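Asker: Structure below; questions to follow.
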Amino acid sequence: MKRYFTLLAAAVMTGTVCMAQLSATDTIKVIKNPEQVTITRYGNEVQLNVEGYGLGKRYEYQYNIKPDDRGSLATSHREGRKWEFNHPFKAEDTISTKSHFQFFLSDFYFGWGGCKVANSDVQKTSMSEIGILNLIGAGYMFNANRTRLSLGVGFAWSRYGLKPPYFYSRSDAGVVGHIEMAEPHNRHKAMMQLWSMQVPLMLNQKLGKKWNFSIAAIMNWNYFAEVKNRYRLDKTFSQTTTEGLYQRKITFDAMAMISYRSLGVYFRYAPQSIFKTGYGPYYKNRWTLGITLLH
């Protein structure tokens, strides 16, 4: 009988030791490639926070350890996932090392420039523009997430002004030209406005922690254009607006930007003319230099 009790006791002790070992090595959570790990202590409570990327999504994991009323440890955890959206007003203190897709809003810009005018008495014209390059952008981060290749959709407005004494004209056939306004018309303003939807293919490279450099090839859909002339005759002001212009519907530009945090400068070059051949002045070598925000 003693022999049976001895064997039973040995079996119970062996099972207890095995259960203790299994309990001691219990795996609560396995997290691969965490981006940031924060351990915080609040009195007797210890909180573990982990942030990172997985399967193209950004995840958050939280684990709490604190003693209960009986003196043993009580644990709880919370886990959540969300699509990453880089908002320009929120600075990122850490950089993920795992390649992933992301959606973002970026590159509000405004600038000034000019262009040469061929086959016209007007040799050059002033230019200004305002727009947003990526109202919505989709990009892929790679190279330890220091490089992003993206495609976006944005909108732009540009203005082309004539210096006195020239005005814009439009013939019955729809051809836009420049005419010289004779006296006594004075205090006049003449400009052409162009509205475009733009699709930029952009390569962005991080330079250190706070600097960025980008180059972009941009396709523009120029969906609306008009010319406005405003002048004063004696003490009466008059304004004329002419629509139905034959602008090129599709044009291509190149753009380069360098920024520090969310503020930068850019240079944009447009080699094509605004108007279709035979329907307006040949505005060639258009360029602008300006400021970018939310890069």
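None of the figures in this text is laboratory data; all of them are computed from the coordinates on show. No experiment lies behind these values; they were computed from the predicted model shown. Quick reminder, even Gly has a Cβ in these numbers, built from the backbone with ideal geometry, and neighbours come from all protein chains shown.
Asker: Can you pull the one-decimal nm distance between simple spin-label points at Lys98 and Tyr223, each 7 Å off the Cα toward Cβ?
Answerer: 3.9
Asker: Follow-up. List, in the order given, every pair from Lys228/Lys249; Lys29/Lys206; Lys210/Lys284; Lys206/Lys284; Lys29/Lys210; Lys163/Lys228 whose Cα-Cα distance in the structure shown is over 24 Å.
Answerer: Result: Lys29/Lys206; Lys210/Lys284; Lys206/Lys284; Lys29/Lys210 exceed 24 Å.
Asker: Stretched out fully, how many nm does the piece from Ala118 to Leu207 gain, at 0.36 nm a residue minus the Cα gap?
Answerer: 28.0 nm
Asker: Here's a follow-up. Return the equivalent ellipsoid semi-axes of region 126-263 as a descending list in whole Å, where each equals the square root of 5 times an eigenvalue of the C-alpha gyration tensor.
Answerer: Numbers: eigenvalues 335, 55, 21 Å².
For region 126-263, the semi-axes come out at 41, 17, 10 Å.
Asker: Can you give the FRET efficiency for Val175 and Tyr140, using 1/(1 + (r/R0)^6), R0 = 45 Å, r = Cβ-Cβ distance, to the nearest 0.05?
Answerer: FRET efficiency, Val175 to Tyr140: 0.50.
Asker: Report the extension gain between Ile31 and Leu149 in nm, rounded to one decimal, defined as 0.36 nm multiplied by the number of residues separating them, less their alpha carbon distance.
Answerer: Length gained between Ile31 and Leu149: 39.7 nm.
Asker: Ok, one more. With labels modelled as points extended 7 Å from the Cα through the Cβ direction, what inter-label distance (nm, one decimal) is found for Lys249 paired with Gln272?
Answerer: Result for the modelled spin labels: 1.2 nm.
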